Structures are given as C-alpha cells and as structure tokens.
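Peer 1: Just dropping this structure here.
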Amino acid sequence: MVNLEELKKEASQILKEGKVKYIIGLQSSSNGLLPVPAFIKNPEDVEKLVWNPACVYNLTLFLRDEKRRKAKEKEPDEKPVGIIVKGCDSRAINVLLQEEFIKRDDVYILGISCENTGVLDEKKLAKKLKGKKAEKVEFGEKDDFVITTEDGKIKIAAQEVLSERCLECKAHFPVIYDVLIGEKTKRNIENPFKSLERIESLPPEERWKFWKEQIDKCIRCYACRSVCPMCYCDECVVDTISFVVTPDTPAEEKAQKIKWLEKSPVSSENFVYHFVRAIHLTGRCIDCGECERVCPLDIPIRFLNKKLEKEAKELFDYEAGFDPDQPSLVSSFKDEDPEDFIR
Amino acid sequence: MEKVLLKKALPQWVKKLESYTIYSPQEEGDFWNYEVIKNAEIIDLDYLNTVLSPKKIIFPQREVLFEFSTSNEDELKVKEILPEERPAVIFGVRPCDGKALTLTDKVFGGDFKDPYYWKRRNSTTLVGLTCNTPPSSNCFCLSVDGSPHSKEGLDILMTDLGDKYYAESFTKKGDELLNSAKALFKSPTAKDKKDLEKIKAESKKKIKRQIKATEKIPAKLKDMFASPFWDDESLSCIRCGICTYLCPTCHCFDMNDEVTSSSPIKGERVRTWDNCQFPDFTMHSSGHNPRPDKASRLRQRILHKFQYFVELYKNYQCIGCGRCISKCPVGIDIIEVLEKARDYGS
Ligand code: SF4
Ligand code: SF4
Ligand code: SF4
Ligand code: SF4
C-alpha cells in the first residue's frame, strides 16, 4: 500500500531544498469524491496532499500551462517543476520527452506505484453503492478499497470498482521517475485490449450504429481534448484561431484560411473532430483514460484511441511512452516496410 | 388552477396530449437528459438532474437562421427559416431550470425580440416538478433567489405527494394542459393542501450547499477586475466548454455560414452555442483577443453571472443548479470561487 506520509516527506524535502519551483499534486475537494489539482509552493502546504483511489487525474497536462507561462516570462526560473505521477501518467512524460515538448530537466518526477490496484471508476462505485453516497475512499490492506458512506465504512475488492483502463494497464508503476513511492509489484494482464474486443466483435452495421449514436451525443465541449496531455498544440484545428493572423493580414488571406470543420454539433462534423483527434493520438496516447472520464455525455472515446493503439502494436510492434529515445511512430519509416508508397 | 392526479394516471394524461411534441427526462446509460418521448408508458419523473437543461430545446445548440443561394443569373436569394410551430410540452422541469428561462427571456427579449427563441418559447408548455429532495448534491438554488418549489418560468408545477401529484397551474397554457384530460384530475382535498405545504417547507431544508451573503458579491466583484485572484483561481482550469455549455443560463452564440456548394453558391447561416472559455471567443479579426488566457476567461464567467447581469437585469445569471460544479473535470467550484472573492483582501 502506498504510504502518503512518504510522499509528503519527499515533497516537503524537495521544496525545502529548493530543488523545484512548485509541485503539481492533488488535494481534497469541497464538492465531491474526486480530489482537485493542487499547485504547492510552500513546504508546509504539503500537508494538503492526498493520495487515494480517487486520484484519477493525469497531472502531466499542466506541463502545457507551465511551458506557456515560462515562454512569456523574460527571465524564467529554470528550476524543474515537481510532478506526482502514476504509471500511466509517467508514460505521458516519456512521450512529451520524445517529442521534445519538455526536457528531462524541466520535471522532477515523484512516481507512485499503483501496486496491485489502481484508480476507481466513479460510476462503477455508484452502482455498487446503490444510491448511497461515498464520502471518502482509501486504499485498504489487501488490494481492496475502503469506502466511507453515511452508514460507515465498507470494503470493496478493488477489481470490482477499478476503472477499465486500470484493469488493462501496461504500466502499473512509473516507467520514469526521480523518486519512486511504493513497490514495483508483479502483475499480469491477460489481455490489454479486452474491453475493445467487445466493440470489435460487433458486425460492421452494428458497430456503425453504436458509434453513430455515441458521436451524435457529442456537444463539442472539447473537454476530451483539453484534458489530454498530448493535445498541446497552440493552434488546434477545431478552433477558428490562427496565429498567422495579425492586424496587417489582408482580408483575402484570412478568407482563404481553411475551415476544417463546422461548429455545428452534427454527425459529420462530430466525426471529423473525433477522427482527427484519434489520428493525431496514434502512437502517442498512453491510455490514461482522462478523455473518457471527463466527457459529460459518457461517450466511450477511449475505444477510438485503444483501437489505434492496438493497430500500432500489431502492425509495427510499437508502444507509446516506454522509451523517450525511440523514434516516433508516425515520423519514422522502416526499410522492410511492405508498402512502398512512401519511398 | 389546482388539481391532483394519481401517479399511475400520468401516462394516460401524456397519451391525451398527442397534438404536442412531448419531452421528458430519460435515462441514457449513467445520466438523464431530455428527449422526445416515444411511448407515454415510459414517462418517469423519478429522475436525477439532467445533464443539459431545457435550454437545449428552447435555444438549441444549432439553429439554421436562413438559407442562401445564387441562381445562374447571379441573383442572391435568401430564405428565412423559422422553427416550426408545433406546440411542445416539457415534463419534469426542475424549478431552477424553469427560472433559468426567465433569464434567457431577458436576453432574447429586449428591444430586439429574437424570433427563433420566442417561436419555441411561446409554443412550449413547461411542466415543473418540485425537488422534494435535491437532485444533485451541489444544488444551491436558495442562495441565488431560487427555491426547490419556485414557479418562476413554469406553466405548471407538480409536487410528488406519494401516490399522487399535486398540480398547480399558473398560466393559460398550463390550464389548457390540465383541461385536456379533465376526467383524470380531481380537486385537491384539505389534506392534499396540507401535505403540499409540508413537503414544500421540508424541501428547502434538504438543500445542503449555499453561498453565504450572496448579495455582497456583485459590489465586491466590481473592484476585482484587475486582481491577481483570477490567476490563482484558474490555475487548474483546462478551458473546456463544460461549465458554460451545461449552464442553463449561458446564452452566448456564434454565427457561421455553412456553405454546401461554392458554384453556384448555396448554404445556410447557422447559429451555434459559443462560450467564453474557448480561445476563439470574441477574438477579433485582427488577431487581438480581449480574453487571452484562462484567468480572464474564468473572470468573464464569474463577472458576467454575478456582476454584469445583475447590473443589467437585477438578477444573478445563475440559478444554483450545480451542473458546472458537478461536471467540471477539475472540480472548480463556483460557490467556493464566489465566497473567496467575497472575502478577498478582507
Ligand atoms: S468531452 Fe464528450 S461531449 Fe465534450 S467534446 Fe469530448 S466527446 Fe464531445
Ligand atoms: S471551469 Fe471547469 S468546466 Fe469550466 S472551462 Fe474550466 S475546466 Fe472546463
Ligand atoms: S453557473 Fe453553474 S450553478 Fe449557476 S446556473 Fe450555471 S451551471 Fe448552474
Ligand atoms: S458566462 Fe460566458 S458563456 Fe455564459 S453567458 Fe456569460 S459570457 Fe456567455
């Protein structure tokens, strides 16, 4: 079981020693079970830090903000930012390093192992509790979670309420870190694409029907994009901004700017959005599942990325986020590739 | 007009309303949303708060305003497309969501009355439901001049009395609906009236969350435009569209031409929801953006709701539904932000 005190001790130490500017972690919230992001500067504030099965966030997304802030400063503080990561999140750091979005010295990584459990799926838990409200959730002693409700404490086997991605996780302890908290436990997953196969096994017409219904629900709030650490482009195809436009840009040039998709939330445009995003994440998505968690309409977006993850694995034996030095999937080419169109 | 309806007779009433398009909260997987009801038997008013409010029906996310085309002689033709007038009924409107429509009424009903909005608004009858227990743990209607049995904006308010509904109609549209199935409704007894008052009084006590001293907030915000407060509060915001798109009172829109053919020209001018959290919101064509970062966007959301709207219309532009709190991906809590702002620097 992960020791919160150990985390606080490490965090407090690096702040006191001035090793980091601040630490990106989690603290408890006023309005629900999930904690909220915390940006801790003072060593005494590390007491606020929490670590429990509701720590679903992939905090690496805030490295994007840090980079933007730094770019605006005249004399930026070059010290690293401390960041708390789980196994899946640490893979995101590797991808960001591989793409040179960040440098290794930009981050001081406090890695936490999920050992034999992971993080919970709030909806699964709600179903289990049948209307009772969970007030608190903690790691138990035996790969279980201890849930506090108004009627007291109950224990639930982690497997029953873990989020799907944890059940299919390929990196349950951090693959890159400066400090590791918890054990590198052994754990076997029989099939990392098990949930995806439910969708893959549907006949094409039914699969189309499934996706059309799901994608039609989308209100294009772009929370799935905004929460994704890999969606760091300053200019995204879905926004009608363009940094090329200045007060001197002639009207004709502006008019010629390509509009990739309409703002209307109709099937065709929604599909364009989701296809573009899925393609842009091929070989980059590390399956932290955040896009799916934040969707207010419960659209199972994770499957789109999972499908491409599977293709990359089967066709190119490629897995994202394990090696910051490997060439990226979409920008590399092997001589033995059977297709010759690219030569 | 006040009547009572046996709970089991609700589907029969719905069946009588065949000349209307009927919406009701329906369960889709793990959440509830308003959808057209296809079979009267499935009507279920034992629901949690819907993801989207009835805003999505009265002020839909996409609306065609007009079609345009050029013929061979290069003559431009424009054809206005107004929503069709088939009357609609929305069942299970939460009192706060009903009140939200009285706020969007002000926005779309000033000197210029928006015909698209009013066509739908006028042809829709809103049947509300008292929140005997709050449908979300983040409800705080009492702090923003609302109540779990408010009748504002509603045509009818129903209250669950156990095996029957107490139906109060406040408008002609409401009376028509009750009169369309006269045989199903009875006059309330003295006991029904007593039960109603008791339930209404209790419903207020069950609201857990509140903003203290909301009335002090607008004046305070006025001096906080340039405050570093917004930088700190927005640190974890990911600038998505959830808080504003789900908000029953947010009404910002964008207009675009969707061109389906360029020669001859053919297309539609379309209005879609917009929101102040997106990077291209009110961005100028020069490239200048008046709200360039997330701090200024959070400030816009809070100030619009608790300062500008109050100055313009003497109402908060928030009805306390708690949607923006429950659904924010990073737990930004409008109650907390407002209370911190109220106490800031004192
Ligand atoms: S979070 Fe959901 S509703 Fe929002 S854009 Fe993504 S898929 Fe659509
Ligand atoms: S406050 Fe929350 S819901 Fe609103 S834009 Fe920010 S992250 Fe999205
Ligand atoms: S601001 Fe939040 S609580 Fe207020 S009406 Fe909008 S969604 Fe509801
Ligand atoms: S808060 Fe933002 S989106 Fe909502 S009405 Fe105001 S400006 Fe528009």
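The values are calculated or read from the model by the stated rules, or taken from the named source; none is laboratory data. The shown structure was predicted, so the numbers you read here are calculated from the model rather than taken from an experiment. A quick note on method: Cβ atoms are made from the backbone with ideal geometry, for glycine too, and the neighbour counts reach across all protein chains shown. Side chains are part of the model used for accessible areas, which takes the heavy atoms of the whole protein and leaves out ligands, DNA and RNA. Shrake-Rupley method; radii C 1.70, N 1.55, O 1.52, S 1.80 Å.
Peer 1: I'd like the antiparallel share, as a percent to the nearest 5, of DSSP beta bridges with both residues in the protein assembly as shown.
Peer 2: Taking every DSSP beta bridge with both residues in the protein assembly as shown, the antiparallel ones total about 75 percent.
Peer 1: Using 10 Å bins from zero, what percent of all Cα-Cα pairs in the range A:190-331 falls into each bin?
Peer 2: Over the range A:190-331, the share of Cα pairs per 10 Å bin runs 10, 35, 33, 16, 5, 1 percent.
Peer 1: Report the FRET efficiency, 1/(1 + (r/R0)^6), for B:SER71 and A:GLN159, where r is their Cβ-Cβ distance and R0 is 51 Å, rounded to 0.05.
Peer 2: 0.15
Peer 1: Something else now. Once every DSSP H run of n ≥ 4 in chain B is given -39500 (n - 2.57) and the sum is divided by its residues, what mean residue ellipticity at 222 nm do you get, rounded to the nearest 500 deg cm²/dmol?
Peer 2: Helix contribution divided over all residues of chain B: -8000 deg cm²/dmol.
Peer 1: Computed from the mean reciprocal separation of all distinct C-alpha pairs, what Kirkwood hydrodynamic radius does chain B have, in Å?
Peer 2: Values: mean 1/r = 0.0456 Å⁻¹.
The Cα-based Kirkwood calculation yields 21.9 Å.
Peer 1: Counting just the Cα atoms, what span does the range B:104-166 cover along each of its three principal axes? Round to the nearest Å and put the largest first.
Peer 2: Per principal axis, max minus min of the Cα coordinates gives 43, 27, 15 Å.
Peer 1: Sort A:LEU33, A:LEU162 by heavy-atom solvent-accessible area, probe 1.4 angstrom, most to least.
Peer 2: Largest to smallest exposure gives the sequence A:LEU33, A:LEU162.
Peer 1: Holding the Cα-Cα limit at 21 Å, pick out from A:LYS127/A:LYS155; B:LYS55/B:LYS266; A:LYS123/A:LYS153; A:LYS212/A:LYS263; A:LYS130/B:LYS205 the pairs that are longer than that.
Peer 2: Details: A:LYS127/A:LYS155 15 Å; B:LYS55/B:LYS266 30 Å; A:LYS123/A:LYS153 19 Å; A:LYS212/A:LYS263 18 Å; A:LYS130/B:LYS205 24 Å.
The pairs that break the limit, which is 21 Å between Cα atoms, are B:LYS55/B:LYS266; A:LYS130/B:LYS205.
Peer 1: Ratio of alpha-carbon Rg to the 2.2 N^0.38 Å globular estimate for the protein assembly as shown, to two decimals, please.
Peer 2: 1.02
Peer 1: Still on this structure: Pairs of Cα atoms under 8 Å, at least six residues apart: use those to get the relative contact order of the range A:131-175, whole percent. Mind showing how you got there, number by number?
Peer 2: Details: 48 pairs, mean separation 11.2, N = 45.
Computed value for the range A:131-175: 25 percent relative contact order.
Peer 1: Grab the DSSP H runs of chain A that are 4 residues or longer, score each as -39,500 (n - 2.57), total them, divide by all residues and round the 222 nm result to the nearest 500 deg cm²/dmol. Before the final figure, lay out each step's value.
Peer 2: Values: 13 runs with 116 residues, N = 343.
Helices in chain A give a 222 nm mean residue ellipticity of -9500 deg cm²/dmol.
Peer 1: Quick one: how many Å² of B:ARG86 are accessible to a 1.4 Å probe, rounded to 10?
Peer 2: For B:ARG86, solvent-accessible area is about 110 Å².
Peer 1: Moving on. Over all directions, what mean area does the Cα convex hull of the range A:258-297 project, stated in square nanometres?
Peer 2: Averaged projected hull area, Cα only: 3.7 nm².
Peer 1: Convex hull over the alpha-carbon atoms of the range B:175-271: what's its volume per residue in Å³?
Peer 2: Spread over its residues, the Cα hull of the range B:175-271 gives 298 Å³ apiece.
Peer 1: If I model a spin label as a point 7 Å beyond the Cα along the Cα-Cβ vector, how far apart are those points for B:SER346 and A:GLU253 in nm?
Peer 2: Simple spin-label model gives 5.1 nm for this pair.
Peer 1: Another one. Would you mind working out the magnitude of the charge dipole of the range A:190-331 relative to its Cα centre, with +1 at each Lys and Arg C-beta and -1 at each Asp and Glu C-beta, to the nearest 20 Debye?
Peer 2: Value, rounded to 20: 460 debye.
Peer 1: Still on this structure, I have one more. List the pairs from A:LYS124/A:LYS209; A:LYS86/B:LYS208; B:LYS15/B:LYS164; B:LYS15/B:LYS56; A:LYS186/A:LYS310; A:LYS136/B:LYS327 whose alpha-carbon separation is above 28 Å, in the order I gave them.
Peer 2: A:LYS86/B:LYS208
Peer 1: At q = 0.07, 0.10, 0.15, 0.16 Å⁻¹, what log₁₀ I(q)/I(0) does a Debye calculation on the Cα points of chain A give, no solvent, two decimals?
Peer 2: -0.33, -0.68, -1.44, -1.57
Peer 1: Sorted by average packing, counted as other Cβ atoms within 10 angstrom per residue and highest first, what order do A:6-19, A:77-90 take?
Peer 2: Answer by packing, highest mean first, reads A:77-90, A:6-19.
Peer 1: What does the charge dipole of the protein assembly as shown about its Cα centre add up to, to the nearest 20 debye, if the Cβ of each Lys and Arg holds +1 and the Cβ of each Asp and Glu holds -1?
Peer 2: 2820
Peer 1: Within 10 Å of each candidate Cβ there may be at most 11 other Cβ atoms; applying that plus a DSSP loop requirement, which chymotrypsin sites (Phe, Trp or Tyr not before Pro) in the range A:254-343 survive?
Peer 2: Values: sites: A:TRP260, A:PHE271, A:TYR273, A:PHE275, A:PHE303, A:PHE316, A:TYR318, A:PHE322, A:PHE333, A:PHE341; in loops: A:TRP260, A:TYR318, A:PHE322, A:PHE333, A:PHE341.
Here the chymotrypsin sites (Phe, Trp or Tyr not before Pro) that fit, given the DSSP loop and packing criteria, are A:PHE333, A:PHE341.
Peer 1: With a 10 Å cut-off between alpha carbons and a GNM built on chain A, which of A:THR149, A:THR185, A:THR249 moves the most?
Peer 2: Maximum fluctuation in the GNM of chain A, among the listed residues, is at A:THR249.
Peer 1: Another question, then. Just need the relative contact order of the range A:190-331 here, percent rounded to a whole number, with Cα pairs under 8 Å and 6+ apart. Walk me through the numbers on the way to the answer.
Peer 2: Working: 104 pairs, mean separation 40.7, N = 142.
About 29 percent, as a whole number.
Peer 1: Out of B:THR260, B:THR282, B:THR50, any idea which swings most in a Gaussian network model of chain B, alpha carbons joined below 10 Å?
Peer 2: The residue that fluctuates most here is B:THR260.
Peer 1: Same structure, new question: Mind telling me which of B:GLY110, B:GLY241, B:GLY92 comes out most flexible in a GNM of chain B, alpha-carbon contacts under 10 Å?
Peer 2: For chain B, modelled as a Gaussian network with Cα springs under 10 Å, the answer is B:GLY110.
Peer 1: Based on the Cα atoms of the range B:238-346, what semi-axes does the equivalent ellipsoid have, where each is the square root of 5 times one gyration tensor eigenvalue, given in whole Å with the largest first?
Peer 2: Numbers: eigenvalues 198, 47, 39 Å².
Value: 31, 15, 14 Å, ordered largest first.
Peer 1: For the range B:257-346, run through the trypsin sites (Lys or Arg not before Pro) and keep only the ones in DSSP coil with at most 13 other Cβ atoms within 10 Å of their Cβ.
Peer 2: B:LYS314
Peer 1: Provide Rg and Dmax in Å for the range A:97-204, with only Cα atoms included in the calculation.
Peer 2: Here Rg and the maximum Cα pair distance are 17.3, 50 Å.
Peer 1: Then there's this: For the range B:54-201, what is the percent of antiparallel DSSP beta bridges, rounded to the nearest 5?
Peer 2: Just about 60 percent of them are antiparallel.
Peer 1: Same structure, new question: Let me know the mean shielding of A:262-270 by other chains, meaning the per-residue number of their Cβ atoms within 10 Å of its Cβ. Write out the running numbers ahead of the final one.
Peer 2: Values: counts 8, 14, 10, 6, 5, 0, 0, 2, 0.
Shielding by partners across A:262-270 averages 5.
Peer 1: Sorted by accessible area (1.4 Å probe), largest first, how do B:SER346, A:SER331, B:SER169 line up?
Peer 2: B:SER346, A:SER331, B:SER169
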